[in-house]
1. Order D58, D46, most accessible first, counting only protein heavy atoms with a 1.4 angstrom probe.
2. What FRET efficiency do you get for E175 and A73 if R0 is 41 Å and r is their Cβ-Cβ distance, rounded to the nearest 0.05?
3. To the nearest 10 square angstrom, what accessible area does F25 show with a 1.4 Å probe?
4. If you take the beta carbon distance between R235 and A202 as r and set R0 to 45 Å, what does 1/(1 + (r/R0)^6) give as a FRET efficiency, to the nearest 0.05?
5. Order R315, R81, most accessible first, counting only protein heavy atoms with a 1.4 angstrom probe.
6. Work out the length of the dipole vector of the range 155-229 about its Cα centre, built from +1 on the beta-carbon of each Lys and Arg and -1 on the beta-carbon of each Asp and Glu, and round it to the nearest 20 debye.
7. Considering the dipole of the range 33-79 built from charges on the beta carbon (Lys and Arg +1, Asp and Glu -1) around the Cα centre, which of S61, A73, I33 is farthest to its positive end?
8. Give me the accessible area per residue for the chain, probe 1.4 Å, as a whole number in Å².
Amino acid sequence: MQTGGHVSTCLRIMCRHLRMNLYLFFGNDEFAISRRLKDFESDFNDPTSADMNTARLDARSMNENDLNTAVNAMPFLARRRLVLLANLSAKYNNVSSRKKFLEFIEKAPETTRIVMYESVEPRDADKHWLVKWAEKNEKSVQAKAFMLPRLKDMTGWIVNETKNQGGQIEPRAAEMLKDMVGVDTRQAGMEISKLLAYVNWARQVKVTDVEAVCVVTSQQSVFDFVDALSGGNGRQAQHLLHRLLESEEAFSLWGMVVRQFRLLIQAREILDGRGNKDDVARALGVHPFVAEKTTGQAARFSMESLESIYRKLLRIDEGVKTSQLTLELALDTLVVELTN
């Protein structure tokens, strides 16, 4: 048995050496992907050297010189560099540019670890160009899918995530939280953190705790905020925004707003196909309360206006990530742009 274990360990080490440089993470569970990226960043022993040896590039705004510098620079006081590449399909959108990009990263130095991550829906995964490339190069590229759990599996996900965060939750409480967040794993993770802090990790989270630390309160405020935006009521939208910022971290609130407009686009598409709120609930995997509110809001927007707003959100997101503006200022700017 010891020999077998030793062989298995050796095989895992060999696999790591074979796949140490190129990674692809894809799927629609952005929370799981972001957590996996943090694991890579924590591989550095010294936080100072981690910052100096980590490059985070968004393909929507990077140029070829940015990419070349990030990939080919030598590590500083560390064994290797880490390059995180997001949204590659936004830049490399034809056969020629994709071929050139893949040839470039395949020649990356051994001292650079490249992690590519891409938002991909399950139905599109098999035909995605990066997934197909990874499958053809499985000996040198480690690919992993991160897909949102199905709604019926979400209660189990919440129980396991609570354990991962060092606590416990009653099954009925997990079921209630599932009804509130649907399959939004990021929101569920944040709510679990709040709940565990509320009970001080001293006991199981109960139904009464979920009721006391209720996500619907914030979710309802986000609905009201979007209602004010859709009605052009800038004063009310600003009031709601700043009230939300008093109870939510800016990045948490930003995630909720972006998620809501993403849901609105999907709901609008369902409505345009003669669907209703029940179809929205099934297709999006959200609680009936969320589906009803989202369907009503989607009906007040055209698809064209929703897509325009979402493009604004992406530009703001890019600006925040490149430190061109603060998130609080970005949210205030969004209100002004959408209500004038």
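The values are calculated or read from the model by the stated rules, or taken from the named source; none is laboratory data. Small disclaimer: the values here were computed from a predicted structure and weren't measured. Because the Cβ atoms are built from the backbone with ideal geometry, glycine has one as well, and the counts that use them run over all protein chains shown. The accessibility values were calculated without ligands, DNA or RNA, using every heavy atom of the protein model including side chains. Shrake-Rupley method; radii C 1.70, N 1.55, O 1.52, S 1.80 Å.
1. Working: D58 25, D46 75 Å².
The residues order as D46, D58, largest area first.
2. That gives a FRET efficiency of 0.25.
3. Taking all protein chains as shown, F25 has close to 0 Å².
4. Result of the calculation: an efficiency of 0.55.
5. Numbers: R315 145, R81 20 Å².
Output order, biggest surface exposure first: R315, R81.
6. Values: 7 positive and 10 negative charges, 72 e Å.
I would put it at about 340 debye.
7. I33
8. 54 Å²
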